[in-house]
Amino acid sequence: MTNTRSSNTHLKGTSPELIVDLGAVVDNYKILKALTSGALNSCECSGVVKANAYGMGKNRVAQALWEEGCKTFFVALASEGVELRFFLPQAKIFVLSPYLVLDCDLLKAHNLVPCLYDIEGIELWIAAHSSPAPAALHFETGINRLGLSARNMETLLSDKEKRGQLDIKLVMSHLSSGDEQQSRHNPEQLEAFKTIRAEFPDAPASLANTGGILLGTEYHFDLVRPGIGLYGHDPHYYENNHSRLKTVATFRAPLAQIKHLKAGSAVGYGATELGTDTEIGVILCGYADGVMRAFFRHETKEGHKVSLNGFSTPMLGRVSMDMITIDLTDVPSDAYNKGDMVEIFGPNSLVENAAAMAGTSAYELFTRVSDRTVRKYV
Ligand SMILES: *Cc1c(COP(=O)(O)O)cnc(C)c1O
């Protein structure tokens, strides 16, 4: 009945897991760094580890990058910077979304450099210092999120005293469309950024996220800020149908029950009806772990294809909080057993396909993997 020989070799587990390949993170760092530092080019490659390193675990990721020679890190919140500081006492840590009204003391106490985006924040940060205040200036060039406007820049340039009270560690901006190779917004933002950085000739300049790095050397300036690329998603994957980066994350969960259902039976909330006799596998992970409900379309019965011991097979039935169901009908019955781990996304079931099915991005899927899911490092 069961093929014990093959099932013994299968991966087993009791709860959902996110396997993080730190070697692949480091390899991706090397790949991106190699693109940005040539003989003619002395560009620094930082690491963006906001949102718990896109769900991968920022302390472990940052430690691995640090050991590889990465000295500069970006987080979103001051609180993330405080946590990271504990692990990396020597690193340069920039905070992308500081709230200076409340964060000044925390930033100062932990030697975190805020990316300042308005005059109020600049004034508060200066007021908190008796010597020039270390800061990045984040300029707006077209994404219209956090960023100093052209008007703010004029204010700053005309106010020599204020300018002198800042120790400008970085002049930066952010691309709206770095993931679209042909977007007109990229060259437009590039030109706008060149004009801005020319006003601050002594400060290092930074424009590129992962997408920007892959757009070409003219986007690199003095420092690049890759995030998603470190975690294995090539932002031009959909355009090139090919990834230049290594898979880092494997999200998998155990097969807990197998059942043979007759045609006309139903499965899951909303009772998705089965047209034919169907072998169903119940897997221990659900939307509370980050499996999006949009991975299964009840109306058309289309499901994201997961991978079980090398076999690709679709989800069938709505995603519950703690469970999903998959269609095992076309998987040979001696190829799996209870307790085997099913890959929701990873090297065999690409996160890009899962994201396309759910109408979202690899970014969202990575950061949605919840705390309940155990992180394991290889
Ligand atoms: C998140 C972020 C990055 C990293 O972007 P990726 O697309 O993940 O490489 C870089 N810069 C800023 C300002 C960001 O907010």
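The values are calculated or read from the model by the stated rules, or taken from the named source; none is laboratory data. From a predicted model like this one, the values you see are computed outputs, not experimental measurements. No Cβ is skipped: glycine too gets one built from the backbone with ideal geometry, and neighbour counts run over all protein chains shown. Accessible surface is based on the protein model in full, side chains and every heavy atom, while ligands, DNA and RNA are left aside. Shrake-Rupley method; radii C 1.70, N 1.55, O 1.52, S 1.80 Å.
Worth a mention:
- His260 satisfies every condition listed in (1) part of a loop (DSSP other than H, G, I, E, B); (2) open to solvent by 40 Å² or more (accessible area, probe 1.4 Å); (3) touching a strand residue (DSSP E or B) at 6+ places or on another chain (Cβ under 6 Å) except (1).
- Qualifying residue in the stretch 71-86 (condition: more than 13 Å from the ligand (Cβ to nearest atom) and β-branched (Val, Ile, Thr)): yes
- Among the residues making up the stretch 274-296, those that are within 13 Å of Thr325 (Cα to Cα) and either polar (S, T, N, Q) or in a strand (DSSP E or B) (or both) are Thr278, Glu279, Ile280, Gly281, Val282, Ile283, Phe296.
- Of all residues in the stretch 143-172, those satisfying the criterion of being outside any helix (DSSP H, G or I) and either farther than 30 Å from Ile228 by Cα or in contact with a Gly (Cβ under 7 Å, 6 or more places away or on another chain) (or both) are Asp159, Gln165, Leu166.
Residue-by-condition table, conditions (1) surrounded by fewer than 17 Cβ atoms within 10 Å (Cβ to Cβ); (2) modelled with pLDDT of 95 or more:
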residue	(1), (2)
Ser79	yes, yes
Leu88	no, yes
Ala91	no, yes
Phe94	no, yes
Leu100	no, no
Leu124	no, yes
Leu137	no, yes
Arg145	yes, yes
Glu161	yes, no
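- Condition met for Ala203 (outside any helix (DSSP H, G or I), in the same structural domain as Cys70 (by TED's automatic domain parsing), more than 16 Å from the ligand (Cβ to nearest atom) and modelled with pLDDT of 95 or more): yes
- Gly359, sole failed condition from (1) more than 20 Å from Met56 (Cβ to Cβ); (2) within 16 Å of the ligand (Cβ to nearest atom); (3) of a type in the set (Gly, Ala, Ser): (2)
- Qualifying residues in the stretch 208-232 (those that are open to solvent by 30 Å² or more (accessible area, probe 1.4 Å) and among the charged types (D, E, K, R)) - the one nearest to the ligand (Cβ to nearest atom): Asp222
- Residues within the stretch 108-120 that are assigned to a helix (DSSP H, G or I) and either touching a residue at least 60 places away in the same chain (Cβ under 8 Å) or under 20 Å from Arg85 (Cβ atoms) (or both), tallied: 2
- All conditions but one from (1) open to solvent by 10 Å² or more (accessible area, probe 1.4 Å); (2) in contact with a Ser or Thr (Cβ under 8 Å, 6 or more places away or on another chain) apply to Ser46; the one that does not is (1).
- Matching residues, the stretch 45-95, being under 21 Å from Lys33 (Cα atoms), touching a Phe, Trp or Tyr at 6+ places or on another chain (Cβ under 9 Å) and part of a loop (DSSP other than H, G, I, E, B): Ser46, Val49, Met56, Glu68, Gly69, Cys70, Leu88, Gln90, Ala91
- Residues (surrounded by fewer than 21 Cβ atoms within 10 Å (Cβ to Cβ) and more than 12 Å from the ligand (Cβ to nearest atom)) located in the stretch 49-63: Asn52, Gly57, Asn59, Arg60, Gln63
- One residue stands out in the stretch 315-332 among those that are within 13 Å of Glu279 (Cβ to Cβ) and among the aliphatic types (A, V, I, L, M): the one that is surrounded by the fewest Cβ atoms within 10 Å (Cβ to Cβ), namely Val331.
- Criterion (closer than 20 Å to Lys50 by Cβ and not assigned by TED's automatic domain parsing to the domain that holds Glu352) met by exactly one of Gly164, Gly178: Gly178
- Candidates Ser206, Ser183 - the one that is in contact (Cβ under 8 Å) with a residue 24 or more places away in the chain and of a type in the set (S, T, N, Q): Ser206
- Flag if Leu65 is more than 17 Å from the chain's Cα centre (by Cα) and of a type outside the set (S, T, N, Q): no
- Residues of the stretch 263-288 satisfying the condition of being crowded, with 17+ Cβ neighbours inside 10 Å and polar (S, T, N, Q): Thr272, Thr278
- Of all the criteria given as (1) modelled with pLDDT under 95; (2) open to solvent by 20 Å² or more (accessible area, probe 1.4 Å), the one not satisfied by Leu156 is (2).
- Filter pass, Val291 being crowded, with 21+ Cβ neighbours inside 10 Å and touching a residue at least 40 places away in the same chain (Cβ under 8 Å): yes
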